[in-house]
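To keep things clear, I will list the structure first and then write my remarks on it.
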Amino acid sequence: MTAATPDASQPAVPYGTPEAPRIAVRGEARLEVDPEIARIGITVAARGRDRRSALDDLTRRNAGVLDLVKTYGDAVERLETGAFSITPELTKHGLGERVRTYHGSVRVTAELTDFTALGELTTRLADLDLTRVDGPWWALRPDSPAHREARKKAVHEAVQRAREYADALGTTLSALVELADIGAESTPPPYPQAPGRMRSAAYAGTAEDTPAPLDLEPQRQRVHAQINARFTMVPPQL
């Protein structure tokens with residue numbers, strides 16, 4: 001028979017005992033800060049009677065958009081090309097599958113940190129042929145100091161609350177047992193959109209719909225941190 005280890009007589013338990021009572025609390029913090037990034041979505045379109053002409057026009061217009069955005073230098077933190085498509089449109093009448101025209105589109109996303117350049121850039125982009133601008137979406141960087149500040153405040157609130165409970169029992173905290181970051185379990189969407197804040201500039205050169213003005217007023221960002229904490233206490237003298 002194997003001899004028992006010294007710790008075997010006192011196994012760790014996930015709950016409090018009379019000798020080491022535990023207390024569980026929650027801490028929260030909510031901040032409202034200025035955004036750090038403005039994202040805009042740019043959709044470039046082209047039409048042609050054959051696939052090659054549509055593709056050539058789309059390539060040329062996309063290159064023009066990229067060149068324009070790049071002229072803003074350090075004001076643009078990130079620029080990337082996304083979805084690309086060339087789609088045939090069939091004739092509505094007649095037999096067989098006859099292609100009437102080809103529609104092409106490409107999606108570009110730009111992130112700006114200089115908001116003074118945002119208005120001029122979006123205006124110049126919307127003036128281009130068959131170019132649509134969506135946004136802006138305001139956001140914080142993943143490593144923004146605002147997130148760190150919110151987490152610190154949430155921890156401080158949890159500690160303060162635990163101390164108040166312990167004081168009400170006539171005792172003090174002994175040790176931290178567990179700290180769980182509840183906010184880390186959910187990740188915000190890459191393009192958060194608040195109702196009524198997003199506007200779109202319609203395709204230039206068409207009379208299909210009237211462009212709505214882009215709302216370029218920076219939108220304050222809400223930062224929320226939430227943690228659960230467990231502490232052991234000195235046994236109170238009840």
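On full extension, the segment bounded by Ile182 and Val33 gains 51.5 nm, given 0.36 nm per residue less the C-alpha separation. With θ taken as phi - 60° and the Karplus curve 6.51 cos²θ - 1.76 cosθ + 1.60 applied, the whole-hertz 3J(HN,Hα) list for the stretch 145-157 is x, 5, 5, 5, 5, 5, 5, 4, 5, 5, 5, 4, 5 Hz, x standing for glycine and proline.
In the stretch 92-131, a dipole from Cβ-located charges (positive for Lys and Arg, negative for Asp and Glu) runs towards its positive end, and of Leu121, Gly104, Thr131 it is Gly104 whose Cα lies farthest in that direction.
Relative to one another, the C-alpha centroids of the stretch 15-57 and the stretch 63-131 are positioned 22 Å apart.
Working from label points 7 Å from Cα in the Cα-to-Cβ sense, the Arg51 to Ser85 distance is 1.7 nm.
Taking amide H atoms as placed 1.01 Å from N in the peptide plane, the amide H of Tyr72 has no partner under 5 Å among residues 5 or more positions away or on other chains. With K and R counted +1 and D and E -1, the other residues having a Cβ less than 9 Å from that of Leu130 yield a net charge of +1.
Near the amide H of His103, within less than 5 Å, lie the amide hydrogens of Thr87, Glu89, all on another chain or at least 5 residues away, with H placed in the peptide plane.
Quick note: the coordinates plus some simple rules give every number you see, no bench work behind them. The structure displayed is predicted, hence computed values, not measured ones. Please note: Cβ atoms are built from the backbone with ideal geometry, for glycine as well, and neighbour counts cover all protein chains shown.
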